[in-house]
Amino acid sequence: SWQGVPLAPPDSIFKLTATYKADTFPNKVNLGVGAYRDDNNKPWVLPVIKKATKILLNDETLDHEYLPITGLPEFTSAAAKLILGSSSPAIQENRAVSVQTISGTGANHLGALFLSRFYSWGDAPKRVYLSKPTWANHQAIFKNVGIEPVDYPYYDPKTIGLDYSGFIGALESAPARSVFLLHACAHNPTGVDPTAEQWAAIAEVFLKKNHYAFFDCAYQGFASGDLDKDAAAVRYFVDKGVALLVCQSFAKNAGLYGERVGALHLVSKTKDAADRVKSQMSVLQRSEISNPPSHGARLVSLILNDGGLFEEWKADIRTMAGRIIDMRKELYRLLTEELKTPGNWDHIVNQIGMFSFTGISEAQSKALTEKAHIYLTTNGRISMAGLNGSNVRYFAENLDKVVRG
Ligand code: PMP
């Protein structure tokens, strides 16, 4: 039976992890991992999360009743302030809609589903413009709801940086009212973000062309170590009045990967529009998950709504972002000063967040895996979180070898 069902290929990232786990070489390195690791290559439970977990455990008033369909209200309102800013005009004027989702993936899905149903597409085909490259799941998420993904230029392999003119050109030439997905900070997979000036120019084209900004924010705080700085692009777009929504994930910045804590925030022009949008999101959410899960949302809500815990969280975020930034500096130092590896490696320190596009070829990426047991995706992307004090030299030396060929 099910003869007509073709066998789907395994997810490439999860397959990479499985191959790494099966490898018995003692100095193997996993640079495919999309989760933070401490300097001992271990998952890190944030101290503030441990503390908040204990508080929840001792709270006799908590039960396991359903949350409201749109989520825990004290979580969604605090999450909105975190990304939009506590003095955001959108919040003060009650025109931001916030719905708790199944982490960032669920926020992307609900946002895409909502646009598919309710965006005023007119006679235009349902399309979303995605950066080339982007998080691989974006394509699947939009296709699932009948929106066709198309690419816009983003990464320039020649400079290992932003293809700024290509990006602006795509915004200018797309039909008015197009939907563009933007990574709010720490672009996955390249680690290449526009500068503040470039964001301002991008926002201007959005306004001129009436484009819709679909922001995906999976790394707030994790990129620079500063929650406000990493939200700057989103806040700038809100201030300028660009029509937008934001997908928010607490997987990385709170280390709550498996708890699936996230939110979708849609900023509309009026409170009346926001109320109507929220009512329809509620209907969509009801048919998909009925009610979002409570545990992770309670943890994050506790932290966001308590001044002391919030400060502790910020310190934990600085620990993670700081370690990643240190690894970038150390890798850069080894390549440029010690090994004198041919080529320019400035992008290693200029890129931001967990991921870095090294600029090495598919053949060189494969050689690292086959010869040195260093696991990475074949596009040359490495997760900085997979580097630590014990393996960064081993990685740099082997990178040097494959670059020299
Ligand atoms: N968007 C981007 C760009 C991501 O990198 C990720 C995590 N890999 C997500 C969304 C969503 O992750 P999660 O569902 O775990 O929050």
Would you mind stating whether Y332 is aromatic (F, W, Y) and in contact with a strand residue (DSSP E or B) (Cβ under 9 Å, 6 or more places away or on another chain)? no
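Select from the stretch 108-139 the residues that are closer than 15 Å to N188 by Cβ and either not in a loop (DSSP other than H, G, I, E, B) or not small (G, A, S) (or both) and list them in ascending order.
Applying the first criterion (closer than 15 Å to N188 by Cβ) to the stretch 108-139 yields 108, 130-139.
Scanning the stretch 108-139 gives N108, L130, S131, K132, P133, T134, W135, N137, H138, Q139.
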Within the stretch 321-340, the residues that are closer than 28 Å to K132 by Cα and of a type in the set (V, I, T) are I324, I325
When (1) out of contact with any Leu (no Cβ under 8 Å at 6 or more places or on another chain); (2) buried (at least 18 other Cβ atoms within 10 Å of the Cβ); (3) in a helix (DSSP H, G or I) are applied to W313, the one that fails is (1)
Pairs returned, first residue in the stretch 272-284 that is part of a helix (DSSP H, G or I), second residue that is surrounded by fewer than 17 Cβ atoms within 10 Å (Cβ to Cβ), beta-carbon separation under 7 angstrom, 6 or more apart or interchain, are A274/N94; Q280/F118
N291 fails exactly one of (1) under 17 Å from H109 (Cβ atoms); (2) away from the ligand (no atom under 15 Å from the Cβ); (3) in contact with a helix residue (DSSP H, G or I) (Cβ under 6 Å, 6 or more places away or on another chain); (4) not hydroxyl-bearing (S, T, Y), namely (3)
Fill in: So S77, is it out of contact with any Pro (no Cβ under 7 Å at 6 or more places or on another chain), of a type in the set (G, A, S) and free of Cβ contacts under 8 Å to residues at least 12 places away in the same chain
no
Listed by first then second residue, the pairs whose first member lies in the stretch 237-256 and is crowded, with 24+ Cβ neighbours inside 10 Å and modelled with pLDDT of 95 or more, whose partner is assigned to a strand (DSSP E or B) and not hydrophobic (A, V, I, L, M, F, W, C), with beta carbons under 6 Å and at least 6 positions apart or on separate chains, are V246/H265; C247/D216; Q248/G262; S249/G262
Residues of the stretch 99-132 being within 15 Å of the ligand (Cβ to nearest atom), within 18 Å of V283 (Cα to Cα) and in contact with a Lys or Arg (Cβ under 8 Å, 6 or more places away or on another chain), in sequence order, are V99, I102, G106
Given (1) at pLDDT below 95; (2) within 13 Å of the ligand (Cβ to nearest atom), K158 misses just (2)
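If you check A8, A22, A96, which single one turns out to be surrounded by 19 or more Cβ atoms within 10 Å (Cβ to Cβ), away from the ligand (no atom under 16 Å from the Cβ) and among the aliphatic types (A, V, I, L, M)?
Answer to the selection: A96.
In this structure, does L334 turn out to be in the same structural domain as I348 (by TED's automatic domain parsing) and at negative phi? Explain how you work it out, then say what you get.
On the way: in the same structural domain as I348 (by TED's automatic domain parsing): yes; at negative phi: yes.
When the stated conditions are applied, L334 passes them.
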Cβ pairs under 7 Å, 6+ apart or interchain, first in the stretch 147-174 and part of a loop (DSSP other than H, G, I, E, B), second hydroxyl-bearing (S, T, Y), ordered by first then second residue, are I147/S116; Y154/S131; D163/Y154; D163/Y155; A174/Y129
The condition from (1) within 16 Å of the ligand (Cβ to nearest atom); (2) assigned to a loop (DSSP other than H, G, I, E, B); (3) modelled with pLDDT under 95 that P43 misses is numbered (3)
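Every residue in the stretch 62-80 that is part of a loop (DSSP other than H, G, I, E, B) and either surrounded by 15 or more Cβ atoms within 10 Å (Cβ to Cβ) or touching a strand residue (DSSP E or B) at 6+ places or on another chain (Cβ under 9 Å) (or both), please.
Step one: filter the stretch 62-80 for residues part of a loop (DSSP other than H, G, I, E, B), giving 62-72.
Within the stretch 62-80, L67, P68, I69, T70, G71, L72 meet the criteria.
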Filtering the stretch 285-303 down to residues that are surrounded by 14 or more Cβ atoms within 10 Å (Cβ to Cβ) and outside any helix (DSSP H, G or I) yields I289, N291, P292, P293, S294
The one condition K269 fails out of (1) over 30 Å from G380 (Cβ atoms); (2) surrounded by fewer than 24 Cβ atoms within 10 Å (Cβ to Cβ); (3) within 16 Å of the ligand (Cβ to nearest atom) is (3)
T134 passes all but one of the listed conditions (1) touching a helix residue (DSSP H, G or I) at 6+ places or on another chain (Cβ under 8 Å); (2) surrounded by 18 or more Cβ atoms within 10 Å (Cβ to Cβ); (3) among the polar types (S, T, N, Q); the exception is number (1)
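Which residue is surrounded by the most Cβ atoms within 10 Å (Cβ to Cβ), if the candidates are limited to the stretch 161-178 and must be touching a helix residue (DSSP H, G or I) at 6+ places or on another chain (Cβ under 8 Å) and under 30 Å from A321 (Cβ atoms)? Give the derivation first.
We begin by selecting, within the stretch 161-178, every residue touching a helix residue (DSSP H, G or I) at 6+ places or on another chain (Cβ under 8 Å); these are 161-162, 164, 167-168, 171-172, 174, 176-178.
Next, from what is left, pick out any that are under 30 Å from A321 (Cβ atoms): 161-162, 164, 167-168, 171.
Details: G161: 18, L162: 20, Y164: 17, F167: 25, I168: 18, L171: 20.
Per the criteria, the residue is F167.
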Is it fair to say V45 is touching a helix residue (DSSP H, G or I) at 6+ places or on another chain (Cβ under 9 Å) and crowded, with 19+ Cβ neighbours inside 10 Å? no
Subset of the stretch 373-405, residues within 20 Å of S12 (Cβ to Cβ), small (G, A, S) and in contact (Cβ under 8 Å) with a residue 40 or more places away in the chain, comes to S383, A385, G386
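The values are calculated or read from the model by the stated rules, or taken from the named source; none is laboratory data. Model, not experiment: these values are computed from the prediction. Every residue, glycine among them, receives a Cβ derived from its backbone with ideal geometry; neighbour counts consider all protein chains shown.
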